[in-house]
């Protein structure tokens, strides 16, 4: 079971809002809106995605990584490495 399962509906609502923001960007381009206004909305969509990613990462650390480290062994090491790699990807983006 995924660590985010208990908040799945909330996550899906957030993602639908982000999808709406991206559709709004498409509309803005289609309607030849001012570049800076579009860039402002791109920034807002990026922040929303980053916020979602951080919430998901927090849940992953609290559930999947914590459970694996409690059991120890190779799986724990793999989960910690996997989380560290995910954090590195988020920092670079």
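The values are calculated or read from the model by the stated rules, or taken from the named source; none is laboratory data. Given the structure is predicted, the values throughout are model-derived calculations rather than measurements. Positions of Cβ are generated from backbone atoms using ideal geometry, with glycine treated the same way; all protein chains shown enter the neighbour counts.
Checking the condition part of a helix (DSSP H, G or I) and over 20 Å from residue 87 (Cβ atoms), which residue from 55, 44, 48, 66 passes? Matching residue, one of 55, 44, 48, 66: 44. Does residue 39 count as assigned to a helix (DSSP H, G or I), in contact with a helix residue (DSSP H, G or I) (Cβ under 9 Å, 6 or more places away or on another chain) and free of Cβ contacts under 8 Å to residues at least 60 places away in the same chain? Considered against the rule, which asks whether it is assigned to a helix (DSSP H, G or I), in contact with a helix residue (DSSP H, G or I) (Cβ under 9 Å, 6 or more places away or on another chain) and free of Cβ contacts under 8 Å to residues at least 60 places away in the same chain, residue 39 comes out as no.
Conditions tested, residue by residue: (1) surrounded by 12 or more Cβ atoms within 10 Å (Cβ to Cβ); (2) under 21 Å from residue 8 (Cα atoms); (3) modelled with pLDDT of 95 or more.
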position: 26; (1), (2), (3): no, no, yes
position: 29; (1), (2), (3): no, no, yes
position: 33; (1), (2), (3): yes, no, yes
position: 42; (1), (2), (3): yes, no, yes
position: 46; (1), (2), (3): yes, yes, yes
position: 56; (1), (2), (3): yes, yes, no
position: 59; (1), (2), (3): yes, yes, no
position: 64; (1), (2), (3): yes, yes, no
position: 68; (1), (2), (3): yes, no, no
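Of the residues screened, residue 22 is one that is free of Cβ contacts under 8 Å to residues at least 60 places away in the same chain, in a helix (DSSP H, G or I) and surrounded by 12 or more Cβ atoms within 10 Å (Cβ to Cβ).
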